[in-house]
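Q: The structure under discussion is supplied below as structure tokens; questions concerning it will follow.
Where a number appears in this text, it was derived from the coordinates with a stated rule and is not lab data. Given the structure is predicted, the values throughout are model-derived calculations rather than measurements. When we count neighbours, we look across all protein chains shown, and the Cβ atoms used for this are built from the backbone with ideal geometry, even at glycine.
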Amino acid sequence: MATLLGRAGRLMALMDTLSQMAREKILIVDDEPLNLELLERELAARDYTVESARNGEEALEKVDSFAPDLVLLDYMMPGMSGLEVLKELRRRGHGPPVVMITAYGTIERLAEATKEGAYDLITKPFDADHLRIVIEKALERQKAPSGAEAKS
């Protein structure tokens, strides 16, 4: 009986580990602690594995160590801006989709961000359902075979 319980425990631990590995990873980059906390809670509740960074330099380090499937990146931050982080990610050949977030959403910012390779730009304060849809579509597109577009 003890052997059976031991095996069951190991099996449950293995299943938990596999579940963790299967979850998509999202890196949130924002210099505002309240935004980080809000986004972390929202995404963790949706079963994403979440890491956060408070500035551009920390974001670049975490991209290397965490290997996110998607990056939520604040457009305006002190020091290295979100746009500069995006450019550096692309220069380094990192390919996760990047969704820019900003309190100052303009057509010019959207055009500039997408020109540099951002998937989309969301304005603050953001609607949780809209954020969820954008993240899901960006992740679908990332998973789609090269040259194929994910269905909208």
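Q: Could you check the spin-label model distance between GLU108 and ALA44? Points 7 Å from the Cα along Cα→Cβ, value in nm.
A: Rounded to a tenth, the inter-label distance reads 3.8 nm.
Q: Average the reciprocal distances over every distinct pair of alpha-carbons in the stretch 24-142, invert the result, and give the Kirkwood radius in Å. Numbers along the way, then the final one.
A: Numbers: mean 1/r = 0.0722 Å⁻¹.
About 13.8 Å, per the Kirkwood formula over Cα pairs.
Q: If the chain between ALA128 and LYS115 were fully stretched, how many nm would it gain, using 0.36 nm times the residue separation less the Cα-Cα distance?
A: Details: separation 13, 0.36 × 13 = 4.68 nm, distance 2.55 nm.
2.1 nm is the gain from fully extending ALA128 to LYS115.
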